Amino acid sequence: MSSGSLALAEGVGQAVVIGAGALALVAFLLLGLELRGREGGHRWLWFTCALGVIAMLGAVLRPVRVTMRGTRVGPKVIVLVDQSRRLLLPADGGTRRELALRALPALAKHLGDARVGVFGFGDGAPLPLAPSAFAQAPLSEDSDLVAALDALSRDTGERPKAVVVVSDGCLSRPTPTLESAELERALSGVGARIDTISLSDREPADASIRAVRTTGTAVAHQPLALTVEIGCSGGLVCTDIPVTVRELRHGVEPFVLATGVAKMTGNDATVELSVTLERAGSRIVEISIESPKGDQIPENNVRLIPFSVARDRLRLLHVAGRPTYDVRALRRWLKADESIDLIAFFILRTEEDNTETSDDSELALIPFPVDELFTDHLPSFDAVILQDIDAVTYKLARHLGALENYVRSGGGLIMVGGPSAFAGGGYAGSPIERVLPVSLRRHDPPFDGGEFVPRYTEAGRAAPVLRGLIAIVGDELPTMGGANLLGPARDGALVLWEHPEQRVGAGAMPVLALGEAGDGRSIALGVDGTHALAFSEFAESSGGRAYGALWDGLVGWLMRDPRYEAAHMELVGPCIAGLPAKLRIVRIPDMQGEIELEIERLGLPVARAPKQQKIAPANPGPVEVELGPLEAGGYSARARIGTAPPTRFDFACERGGQAWGDSRPDPERLQRIARATGGSAVGVKDIADLPVPPATEVASERQTSPLLPIWLWTLLAASSWGVHWYLRRRSGLV
């Protein structure tokens, strides 16, 4: 393909063109003034003047003939395909994603010779998509068209002639409430018209949880306002829809937090519920509805919401049976911490005590309110500390079953030693033994009064829970006066201190052990001599700071404080039921060793055997672990690094999630987008109606040649002005 055109010679600037044009105009004006009022025809004067001016301009501007030889190429067209998980929703003839997959070949055929680039857009910059790999491309929770267009506008290459958007119209941006002017500004950056292809215009018969909102931060023991939006579409008849909110816990049935009824007015309803999460940390809350018959999409009837529950103050119940040095030291330390809300009972009276005694003994003036504490108020405590207290004497035995359920539901328990603790307090064979990290002996003397120095285990030296203590006093520990005779550690428990002489089976007797039971944690400390870390000859060198370091670590680990965990875990991207999930494990510095990972389902009363795997990291950096496809539900991941206590992370996998909350397509929004940019909006069956952008001409060769030689322009100008001068003399103008 070739074409010709005229241009000025190179080097002729704009100022020269303007100056030459001005002189030519002056020549014509002066001639007109001279001929004004004179009779007779002066056509030849005008002709020779015009010819002289043209020749003069030709000599100055030197016009050239430009010949272009090039080719015509197809227009550049960008196709943006919605990559939201919402496209897995059903439509006529398959899912919306399947319709999009089938639309791509038809669109490529319709565009003919156009240079088509296919990109997927989700929650950021669009990513190139090979048509053959479109079905395996990763999906997103959002479909942000504005972000995709902004990324295209920053591309320094050739601008597209058109952008074709393939979607169902339910975009996260632009929102449906944008005014026309705002919509134009949001879409104008790409500098091309936007055509749209709607994948569906049919609303499925569906009742769904469209949104879940909360007001403020989730704080343990404090009510949290929960707003649940329910929608009904596609002609489904909805009246009253029951709503249930439950917390998924480890090893037990889900706990019902609140219930309500959505009174449908039209196609929408909002339910306001108040829930109270008693335990801090990561919690999984399930919101579900009972939809009417005919619901085509049951997956969006359930939402699994992870909550990071904060703690305003740590609420502890400390119950002790006698005013020993160890009891007083612990009570003083707990009361000195402003972040702890302490309820403490010690020096307790029994029914046999004489309240009218006149000696100077410290006797409680009121009976121990055991029934009230361990029934109505037990769930309000973050942890319970039982220190050297007899369960039978103080009527605690009948509440040990409730205390077991409390621990399994997420509470914390510390049992501190003394003659009336563990087996000596009537706890052997009781429900509380099932949640302790050690078993209890039934036939031996319950307490050994001989002095000894506890010994660190290998796990004790590695555990973050004792790192603060070791940093102050090293591996040394003070002499302690006596120990409870404990049984072996239970499966999964971790022994941090052991007795140097007492044996249990083939191993040393545990003195300090940590364990998990259901959703909660427990600690067994089989001595009543830790006060030696606060005031003794041993404590002088550290100013008594070692006592606080020990209890900081124990209480912190019990409450899942990240400082005392061996690792931090998080999901790499969302967990979608049926799709491979990935977990990232970030270990604290110096925490090395093989990683044992268990994945267990939450909310099951009889836990299935957890999925287990072992990882031997090659370097100390973060470790990413493939979990494989998981079913919809809540999960608990437990990672043990070397001999350190395990770290737990709760997460949820959803089938629908927020992307499926509103199943209605929005073709009207696609039409508005097309109108705002001068494009066309069609359905997936009408792709042939889309206009095809014109081809782009690309020059490959450019040749220039003078229109006339300069000498000829000059000769023509001189001759013209000579003839003009002669005619002027004949006309009497000179």
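Report the normalised scattering of segment 1-124 as log10 I(q)/I(0) at q = 0.11, 0.17, 0.18 Å⁻¹, calculated by the Debye formula with identical scatterers on the alpha carbons.
-0.66, -0.98, -1.03
Along the charge dipole of the chain, Cβ charges K/R +1 and D/E -1, which of Tyr456, Leu33, Gln222 sits furthest on the positive end?
About the Cα centre, the residue reaching furthest to the positive side is Leu33.
State the Kirkwood hydrodynamic radius of the chain in Å, one decimal place, computed from all pairs of distinct Cα atoms.
33.0
Over all directions, how big on average is the projection of the convex hull of the alpha-carbon atoms in segment 573-686, in square nanometres?
Mean projected area for segment 573-686: 12.1 nm², to one decimal.
When the C-alpha atoms of segment 601-654 are aligned to their principal axes, what extent does each axis show, in angstrom, from largest down?
Extents along the principal axes: 36, 22, 16 Å.
Among the lysines, which fall within straight-line cross-link reach of Lys109, defined as a Cα-Cα distance under 22 Å, with same-chain neighbours fewer than 8 residues apart omitted?
In chain and number order, the partners are Lys76, Lys161, Lys685.
Which distance in Å, rounded to a whole number, links the C-alpha centroids of segment 9-55 and segment 91-158?
61
Any chance you could run the full-extension gain for Thr265 through Asp444? It's 0.36 nm times the residue separation minus the Cα-Cα distance, nm to one decimal. List each step's numbers first, then the result.
Values: separation 179, 0.36 × 179 = 64.44 nm, distance 6.96 nm.
Extending this stretch completely gives an extra 57.5 nm.
Against the longest alpha carbon principal axis of the chain, how many degrees, from 0 to 90 and to the nearest 10, is the axis of helix 710-730 turned?
Value to nearest ten degrees: 50.
Can you give me the pair-distance distribution of segment 572-640, C-alpha pairs, 5 Å bins, whole percents?
Each 5 Å bin holds this share of Cα pairs: 4, 15, 26, 23, 16, 10, 5, 1.
To the nearest 0.05, what FRET efficiency results for Tyr325 and Ala125 with a Förster distance of 51 Å applied to their C-beta separation? If you can, show how the numbers build up before the last one.
Details: r = 65 Å, r/R0 = 1.28.
With a Förster radius of 51 Å, E is 0.20.
Please report, in cubic angstrom per residue, the volume enclosed by the convex hull of the alpha-carbon atoms of segment 363-502.
Per-residue hull volume (Cα only) is 148 Å³.
Just read off the accessible area of Val212 with the full protein assembly in place, 1.4 Å probe, to the nearest 10 Å².
The value for Val212 is about 40 Å².
Using only Cα atoms, find the angle between the long axis of helix 43-61 and the longest principal axis of the chain, and express it within 0 to 90 degrees, rounded to the nearest 10.
Approximately 40 degrees, to the nearest ten.
Any chance you could look up the accessible area of Glu141 with a 1.4 Å probe, heavy atoms only, rounded to 10 Å²?
Counting only protein heavy atoms, the figure is 60 Å².
Restricting things to alpha carbons, tell me how big segment 175-256 is in terms of Rg and Dmax, in Å.
Values for segment 175-256 (Cα only, Rg and Dmax): 20.6, 58 Å.
Return, ordered by residue number, the residues of segment 274-297 whose backbone nitrogen is under 18 Å from a label point located 7 Å along Cα→Cβ of Ser339.
It comes to 279-282, nothing else.
Could you check how much of the accessible area of the chain is carbon and sulfur, as a whole percent, using a 1.4 Å probe?
Answer for the chain: carbon and sulfur cover 53 percent of the accessible area.
Report, in cubic angstrom per residue, the convex hull volume of the C-alpha atoms of segment 133-189.
117
Leaving out ligands and nucleic acids, and using a 1.4 Å probe, what accessible area per residue does the chain come to in Å²?
That works out to 46 Å² per residue.
With a cap of 10 neighbouring Cβ atoms within 10 Å, and only residues DSSP puts in a loop, list the trypsin sites (Lys or Arg not before Pro) found in segment 597-646.
Of the trypsin sites (Lys or Arg not before Pro), the ones in loops of segment 597-646 whose Cβ has at most 10 other Cβ atoms within 10 Å are Arg608.
Looking at segment 435-527, which GluC sites (Glu not before Pro) are in a loop (DSSP not H, G, I, E or B) and have at most 15 other Cβ atoms within 10 Å?
Glu476
At a 4.7 angstrom Cβ threshold, list every cysteine in the chain that has nobody to pair with, or say none.
Cys with no partner Cβ under 4.7 Å: Cys49, Cys170.
The values are calculated or read from the model by the stated rules, or taken from the named source; none is laboratory data. This is a predicted model, so every value here is computed, not measured. Cβ coordinates were reconstructed from backbone atoms using ideal geometry, including for glycine residues, and neighbour counts include every protein chain displayed. The protein model used for the area step is the full one, side chains on, heavy atoms only, and it has no ligands, DNA or RNA in it. Shrake-Rupley method; radii C 1.70, N 1.55, O 1.52, S 1.80 Å.
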